[in-house]
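The values are calculated or read from the model by the stated rules, or taken from the named source; none is laboratory data. In this text the structure is predicted, and so the values were computed from the model without any measurement. Positions of Cβ are backbone-derived with ideal geometry, glycine not excepted, and every protein chain shown enters the neighbour counts. Heads up: the accessible areas ignore ligands, DNA and RNA and are worked out on the full protein's heavy atoms, side chains in. Shrake-Rupley method; radii C 1.70, N 1.55, O 1.52, S 1.80 Å.
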Amino acid sequence: PETESDNAALLTQFLITFGNVIGRCPHFIAEADKHFTIGNVCLVGETAKGKKGSSLGHVQRVFQRVDEDWTKNCVHSGLSSGEGLIWCVRDEITKIEAIKSNGVVKDYQEVVIDKGVADKRALVIESEFASVLRVMARDGNTLSAIIRNAWDGKNLKTMTKNSPAKATEPHISIIGHITRNELLRYLDNTECGNGFANRFLWACVKRSKVLPEGGKVSESEMTSLAEKVNEAVSFSRSIGEIKRDSEAKELWEKVYAELSEGKAGLLGAVTARAEAQVMRLACLYALLDLSYTIRLEHLSAGLALWAYCEDSAKYIFGETLGDPLADEIKRVLDGE
């Protein structure tokens, strides 16, 4: 009640941030793959009127009190290349140098030329996500591929000879803000089809209420919330594999077929990772509830938030044709 921000904006950014702060400890296993609490979300709403930035500010206030080192060292912006993203969480870089005596090579030694980054957590915040999509459209840009691998929790590196950096066990999450028109204009069919788009939650947001004096959460309330979050963060860092309990398994069996079936067209491409997205959300709810297992209420909450994001995707992409030229012609005819 103390902010004009959209509840969905507050919730999704809070969950994504929490998942990044706790790091690469808790996970669930689907077949042979480990899924960590890595998540990406893009808020879609009108410029200024969507209150996207103010919603993020409230979330950041909480986590500044929870993990000061993370706030100082692990929050980034300015996505422009895959190499740049790797550099944020790069491993130590070494090279082999010759040991000479009187100009004659006697031996070789390994020399550290960059200490790298010990903390592999990174939350990338892009308030102008359209610029990221424009950069990705350039020939030879590796950003899309690196973001996809980062969401999968894979080690990161490029085949570029001039970029020796690599990142082992990165824990990267992304929060983006964009308008619907910009998103439809710059997210081309390739990025939808290659799996970039379905590694994001898409959440439509708008101003929730009008507060002429502005919204402000009291210090006492913020302190109380930060204490609860800090307890959940400490708990989560001691957890390894998370499993569903019997009731959650029963619900999962009922919804799995529909989640995994997918949908046709562009909307289907954007929402194709429904099962993994739901389970990652359910894990976050369980950890916030200081639970070692995913219970019925945690899975139900994950399904509810996914339903909102899926409805948002329907609103954003439901009328698109899947062909860039045809979609552009339609936008012009619609006067957008």
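For the range 1-126, just say rounded, prolate or oblate: build the C-alpha gyration tensor, square-root its eigenvalues into a ≥ b ≥ c, call rounded for a/c under 1.5, and beyond that prolate if a/b exceeds b/c, oblate if not. The shape class here is prolate.
Relative to the dominant Cα principal axis of the chain, helix 274-288 is inclined by about 90°.
The length gained by stretching the chain between Arg138 and Ala32 to full extension, at 0.36 nm per residue less their Cα-Cα distance, is 34.8 nm. Among the protein heavy atoms, those of Ser101 account for about 50 Å² of accessible surface (1.4 Å probe, every chain in place).
Taking the range 1-96, which trypsin sites (Lys or Arg not before Pro) meet the DSSP loop condition and have no more than 12 other C-beta atoms within 10 Å? Those satisfying the criteria are Lys49.
The 1.4 Å probe gives accessible areas that order Ile294, Ile29, largest first, as Ile29, Ile294.
Relative to the longest principal axis of the Cα atoms of the chain, helix 7-21 runs at roughly 20 degrees.
Going by accessible area, probe 1.4 Å, with all protein chains left in place, what is the ranking of Tyr108, Tyr308, largest first?
On the way: Tyr108 145, Tyr308 85 Å².
Sorted by accessible area, descending: Tyr108, Tyr308.
Across the chain, the mean sequence separation of Cα contacts (distance under 8 Å, 6 or more residues apart), normalised by length, yields a relative contact order of 24 percent.
Each of Glu227 and Gln60 was given a label point 7 Å from its Cα along the Cα-to-Cβ line. The distance between the two points is 2.6 nm.
Quick check on the range 110-244: take the gyration tensor over C-alpha atoms, sort the square-rooted eigenvalues as a ≥ b ≥ c, and tell me if it's rounded (a/c under 1.5), prolate or oblate. Cα axes put the range 110-244 in the oblate bin.
Taking square-rooted eigenvalues a ≥ b ≥ c of the alpha carbon gyration tensor, is the range 177-302 rounded, prolate or oblate, where a/c under 1.5 means rounded and, failing that, a/b exceeding b/c means prolate? Don't jump to the answer; show the numbers that get you there.
Working: a/c = 2.27, a/b = 1.10, b/c = 2.06.
Oblate is the answer for the range 177-302, as a/c is 1.5 or above yet b/c matches or exceeds a/b.
Annotated for the range 1-129: lysine pairs at least 8 residues apart or interchain, Cα distance under 25 Å, count 9.
DSSP beta bridges in the chain, what fraction antiparallel, as a percent rounded to 5?
Details: 15 of 35 bridges.
Bridges in the chain that DSSP calls antiparallel: roughly 45 percent.
How do the peptides 138-146, 4-12 rank, highest first, by the average count of neighbouring beta carbon atoms within 10 Å per residue? Present the calculation step by step, with values, prior to reporting the outcome.
On the way: 138-146: 15.1, 4-12: 21.2.
With the highest mean Cβ count within 10 Å placed first, the list reads 4-12, 138-146.
Cross-link partners for Lys249 among the aspartates and glutamates, with Cα-Cα distance under 19 Å and sequence neighbours closer than 8 places in the same chain left out: Glu31, Asp33, Glu241, Glu258, Glu261, Glu275, Asp289, Glu297. Kindly express, to the nearest 10 degrees and within the range 0 to 90, the angle between helix 219-236's C-alpha long axis and the longest C-alpha principal axis of the chain. Approximately 60 degrees, to the nearest 10.
Annotation note: GluC sites (Glu not before Pro) in the range 260-322 located in DSSP loop regions with a Cβ neighbour count of at most 16 within 10 Å are Glu319. Close amide H pairs (under 5 Å, H built 1.01 Å from N) link Lys166 with Asp91, residues at least 5 positions away or on another chain.
A Förster radius of 35 Å, combined with the Cβ-Cβ distance separating Val111 from Ser238, puts the computed FRET efficiency at roughly 0.40. In this structure, the amide hydrogen of Asp289, modeled 1.01 Å from its nitrogen in the peptide plane, lies closer than 5 angstrom to no residue at least 5 positions away or on a different chain. Give the distance, in whole Å, between the Cα centre of the range 25-88 and the Cα centre of the range 122-164. Each part's Cα centre sits 15 Å from the other's. In this simple spin-label approximation, Asp188 and Glu169 carry label points 7 Å from Cα along the Cα→Cβ vector, and these lie 3.8 nm apart.
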